[in-house]
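Undergrad: Starting off with a structure, shown below.
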Amino acid sequence: MSDEYTPKIVAFCCKYCAYTAADLAGSMRLDYPTNIKIVQVLCTGRIDVLHILKAFEKGADAVYVAGCEPGDCHFLEGNYRAVKRMAYAKELLKEVGIEPERLEFFHIGASEGPAFAEAAKKMTDRALELGPSPLRK
Amino acid sequence: MRSESNLEKVLEKGEFAVTGELGPPKGNDLELVKKKIGLLKGNVDAVNITDNQTAVVRMSSIATSKILIDEGLEPVMQMVVRDRNRIAIQSDIFGATALGIKNMLCLSGDHQTFGNQPDAKNVFDIDSIQLIDGVRRLRDEKKFFGTDEDIEGEVKLFIGAAFNPFAEPYEYRPYRLKKKVQAGANFVQSQCIYDMKMFKEFMKVACDLGLDEKCHIMAGVTPLKNAGMTKYMAKNVPGIIIPDEIVKRMSDVPKEKAAEEGIKICVEQIQELREIKGVHGIHLMAIEWEEKVHEILTQAKLLPRPVV
Amino acid sequence: MIVGDRKPIEEIKEMLTPYKKILLVGCGTCISVCMTGGEKEVGILASELRIISDLEKKGWEITEDTIQRQCEREYIEPLKEKFDQADVVMSMACGVGVQYMAEVFPHKIVLPAVNTTFYGTNVAEGEWQERCAGCGDCVLDKTLGICPVARCSKGLFNGPCGGTDKGKCEVNKDLDCAWYLIYNRLKEHGKLDMLDEVMSIRSWKSSLHGGPRKRVREEAQK
């Protein structure tokens, strides 16, 4: 692993919660890694396994999906669906030879700036530990 | 007389009949068959020879039946429709009757996924009731299944079927038995009975339907070996109901007395079954416990067997 | 609809190993509705194959397409150019689609990405169940709409057998006993007397056992 390895991380964030939390983390001047590319979605229920696979195909070292707290989905159950879909996506990653740990789901409420920063840090640490995606080697 | 079999004669004479059961070996070890024959001979009127029971591959029912005949014991050849289409069934019946087999029990058969060849393709070209109907036709009308073509020779068979009062829907079970009798069953043997109350209720309906006059109803009994087997069967075997009091009796005795208690229960059951209107005999399934058959039947005062 | 499951990735990899240019074709009808081989699943498999190709140096070039129906010539023919350019075609349709695409373009090998399983229905979100066996001699009038051929593990015509367990089949506790359902349905409709008659031995000629089946309607022919 080269010293210059900075993990590329894609975060799919729900507009109603985690995306707002990311904003809040910024205004609270919380320290979190800058290598996270945030993609705003209207609901994590919109995230398909294909989005995840494409992110890895295009070179992501880790991907995470951040949606509302259980029971708080603006569309009632989009976050529950996302959790199940991510479990399926992990299976697909396993079968093609990418460590499933590179994908994660987080529940982050709109007011939880620190939780957002923590998730970003956790996934960065994990990507550092796992090294670059096998697709980038 | 439809078959001149010993079992038919015993039943037609109005004697309380006793059939046993013999599971052929998982291979061609003739000695194992002979050992079991030795334990059953003289104790029963006929012996059911299972046909790859629980879908585990065993020596064929027809061949084992023939070995019994040679050893002077009468077989009830079981036949399942799981492994044979109507071509094989009829061909096997011709062969079996030519070898001197006179009793046949018509079954659908345990599903192949339970056995030691779970990847097998099954047949189920016909079902057990259609088999009864087909055999009756071979015998009485001398016609092949489903056609008007005549057979060569005579198929003299005493036709049997199985019934289970302990499977849902309970209320339908006497009527399904009626269907088997209408199709041509001459004798029927039940799944093992432990719940006497339920069996009596079943028999009441069966007698109201007149089934006891149209066929010989034999009650199935299996001695319990130990508390473990009792609990396992009570919990896990579909179509078997073991009341709590029997589970309790088997569990309450010390381990070394369990077999004795199991036999005691079995004898009591046989005595109770003899009193039920319409029960013409028992089918004693002492599975891998053939050495206890003589003891059970002695205690039940069913020995010696009548000579007819 | 016809229901199927995607084959395990290892099997797909092995099939594709000798080839470079792969055309992956989905079908927009049954297999799409059962979430196995429609446009989305073609996208997912294509993505997986690209990742595998990259990691395992397979050198695959994947082209994706999904047509409305792989069982009809009119929909297959427009793929001619893509077929010509590919070394091999992998179909995500049922077995009918796999075969018919190869019949329309016999110069190309068409591989199956799907195991076709049954004719069924989507009983709940994410759950499909078998309903018909296509046996060619329907008895649903006698069982009030519950098929003993497709839904009884032993295909009994005069059930239920002794293996019913609390309304479930002894073969699998998740499986309803078809004859238990039939009994209750007849009872609900006051037609239990329909069970009195023995359903007689049937002909299987109308099923696959009379050889592969064919249907002709002369007035519709040219």
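Undergrad: Would you be able to tell me the number of residues in segment C:182-202 that are among the polar types (S, T, N, Q) and either out of contact with any helix residue (DSSP H, G or I) (no Cβ under 8 Å at 6 or more places or on another chain) or farther than 24 Å from B:F124 by Cα (or both)?
TA: 1
Undergrad: Sort through A:A89, A:A120, A:A60 and tell me the only one that's touching a residue at least 24 places away in the same chain (Cβ under 8 Å), over 30 Å from C:K13 (Cβ atoms) and small (G, A, S). Please lay out each step first, then the result.
TA: Values: A:A89 fails: over 30 Å from C:K13 (Cβ atoms); A:A60 fails: over 30 Å from C:K13 (Cβ atoms).
Testing whether each residue is touching a residue at least 24 places away in the same chain (Cβ under 8 Å), over 30 Å from C:K13 (Cβ atoms) and small (G, A, S) leaves just A:A120.
Undergrad: Based on this model, can you work out whether C:I76 counts as assigned by TED's automatic domain parsing to the domain that holds C:L192 and surrounded by 15 or more Cβ atoms within 10 Å (Cβ to Cβ)?
TA: So C:I76 fails the test.
Undergrad: Ok, one more. Does at least one position in segment C:160-169 carry a residue that is within 12 Å of chain B (Cβ to nearest Cβ), open to solvent by 60 Å² or more (accessible area, probe 1.4 Å) and without any contact (Cβ under 8 Å) to a residue 40 or more places away in the chain?
TA: Checking segment C:160-169: at least one residue is within 12 Å of chain B (Cβ to nearest Cβ), open to solvent by 60 Å² or more (accessible area, probe 1.4 Å) and without any contact (Cβ under 8 Å) to a residue 40 or more places away in the chain.
Undergrad: Now for a different question. Does at least one position in segment C:61-69 carry a residue that is in contact with a Ser or Thr (Cβ under 8 Å, 6 or more places away or on another chain), under 17 Å from C:K7 (Cβ atoms) and within 14 Å of another protein chain (Cβ to nearest Cβ)?
TA: Within segment C:61-69, one or more residues are in contact with a Ser or Thr (Cβ under 8 Å, 6 or more places away or on another chain), under 17 Å from C:K7 (Cβ atoms) and within 14 Å of another protein chain (Cβ to nearest Cβ).
Undergrad: While we're here: For C:I52, state whether it is modelled with pLDDT of 95 or more and within 14 Å of chain A (Cβ to nearest Cβ).
TA: Taking the combined requirement at face value, the residue satisfies it.
Undergrad: Quick test for you: out of C:V25, C:V42, pick the one residue that is part of a helix (DSSP H, G or I) and buried (at least 22 other Cβ atoms within 10 Å of the Cβ).
TA: It is C:V42.
Undergrad: Another question, if that's okay. Among the residues in segment C:53-62, are any outside any helix (DSSP H, G or I), of a type outside the set (D, E, K, R), touching a residue at least 40 places away in the same chain (Cβ under 8 Å) and under 21 Å from A:E95 (Cα atoms)?
TA: yes
Let's see how each residue does on (1) at pLDDT 95 or above; (2) part of a loop (DSSP other than H, G, I, E, B); (3) within 28 Å of C:L45 (Cβ to Cβ); (4) within 11 Å of the chain's Cα centre (by Cα):
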position: A:A25; (1), (2), (3), (4): no, no, no, no
position: A:A60; (1), (2), (3), (4): yes, yes, yes, yes
position: A:C73; (1), (2), (3), (4): yes, yes, no, no
position: A:V83; (1), (2), (3), (4): yes, no, yes, no
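Undergrad: Which numbered condition in (1) surrounded by fewer than 20 Cβ atoms within 10 Å (Cβ to Cβ); (2) under 20 Å from the mean Cα position of the chain (by Cα) is the only one that C:K142 fails?
TA: So C:K142 meets the others, but not (2).
Undergrad: Return only the number of the condition from (1) open to solvent by 20 Å² or more (accessible area, probe 1.4 Å); (2) within 12 Å of the chain's Cα centre (by Cα) that A:K90 does not satisfy.
TA: With (1) open to solvent by 20 Å² or more (accessible area, probe 1.4 Å); (2) within 12 Å of the chain's Cα centre (by Cα) applied to A:K90, the lone miss is (2).
Undergrad: Do you know which of the residues in segment B:117-129 that are open to solvent by 10 Å² or more (accessible area, probe 1.4 Å) and under 23 Å from C:H209 (Cα atoms) is nearest to the other protein chains (Cβ to nearest Cβ)?
TA: The residue in question is B:F124.
Undergrad: Of all residues in segment B:238-256, which are closer than 16 Å to B:F166 by Cα and open to solvent by 100 Å² or more (accessible area, probe 1.4 Å)?
TA: Across segment B:238-256, the qualifying residue is only B:D244.
Undergrad: Please give the number of the condition B:A219 fails out of (1) open to solvent by 10 Å² or more (accessible area, probe 1.4 Å); (2) not in a helix (DSSP H, G or I).
TA: (1)
Undergrad: How many residues does segment C:96-139 hold that are open to solvent by 70 Å² or more (accessible area, probe 1.4 Å), charged (D, E, K, R) and over 17 Å from the mean Cα position of the chain (by Cα)?
TA: Number satisfying all stated conditions: 3.
Undergrad: Taking the options B:F166, B:F187, name whichever one is facing another protein chain (nearest Cβ under 9 Å) and in contact (Cβ under 8 Å) with a residue 60 or more places away in the chain.
TA: Step by step, each of B:F166, B:F187 is checked, and only B:F166 is facing another protein chain (nearest Cβ under 9 Å) and in contact (Cβ under 8 Å) with a residue 60 or more places away in the chain.
Undergrad: Right, next: When you go through (1) part of a loop (DSSP other than H, G, I, E, B); (2) within 20 Å of B:G160 (Cα to Cα); (3) touching a helix residue (DSSP H, G or I) at 6+ places or on another chain (Cβ under 9 Å) one by one for B:F124, which number turns out not to apply?
TA: (3)
Undergrad: Just to be sure I understand, how many residues within segment A:90-116 are over 12 Å from A:Y64 (Cβ atoms), touching an Asp or Glu at 6+ places or on another chain (Cβ under 7 Å) and more than 14 Å from every other protein chain (Cβ to nearest Cβ)?
TA: Summing the residues that are over 12 Å from A:Y64 (Cβ atoms), touching an Asp or Glu at 6+ places or on another chain (Cβ under 7 Å) and more than 14 Å from every other protein chain (Cβ to nearest Cβ) in segment A:90-116 gives 1.
Undergrad: List pairs: first residue in segment B:202-223 and under 30 Å from B:E295 (Cα atoms), second residue hydroxyl-bearing (S, T, Y) and part of a helix (DSSP H, G or I) anywhere in the structure, Cβ distance under 7 angstrom, at least six positions apart or on different chains.
TA: Hits for this filter: zero, empty list.
Undergrad: For B:L7, state whether it is touching a residue at least 60 places away in the same chain (Cβ under 8 Å) and either of a type outside the set (F, W, Y) or more than 30 Å from B:E213 (Cα to Cα) (or both).
TA: yes
Undergrad: Can I ask one more? Is it the case, given these coordinates, that C:K214 is open to solvent by 40 Å² or more (accessible area, probe 1.4 Å) and within 7 Å of chain B (Cβ to nearest Cβ)?
TA: Spelling it out, it is not the case that C:K214 is open to solvent by 40 Å² or more (accessible area, probe 1.4 Å) and within 7 Å of chain B (Cβ to nearest Cβ).
Undergrad: Then there's this: Residue under question is B:V205, and the condition is that it be more than 12 Å from chain C (Cβ to nearest Cβ) and open to solvent by 20 Å² or more (accessible area, probe 1.4 Å); does it hold?
TA: Yes.
Undergrad: Next question, about the same structure. Kindly indicate whether B:G146 is more than 17 Å from the chain's Cα centre (by Cα), of a type in the set (G, A, S), part of a loop (DSSP other than H, G, I, E, B) and within 12 Å of chain C (Cβ to nearest Cβ).
TA: yes
Undergrad: Identify, from the list B:P174, B:P165, the residue that is open to solvent by less than 10 Å² (accessible area, probe 1.4 Å) and part of a helix (DSSP H, G or I).
TA: B:P174
Undergrad: It is to be established whether one or more residues within segment B:214-237 are under 24 Å from B:E12 (Cβ atoms) and of a type in the set (D, E, K, R).
TA: yes
The values are calculated or read from the model by the stated rules, or taken from the named source; none is laboratory data. As the structure is a prediction and not an experimental result, all values here were calculated from the model. Here the Cβ is made from the backbone with ideal geometry for all residues, glycine too, and neighbour counts use every protein chain on show. Just so you know, the surface numbers come from the protein's heavy atoms only, side chains and all, with ligands and any DNA or RNA stripped out. Shrake-Rupley method; radii C 1.70, N 1.55, O 1.52, S 1.80 Å.
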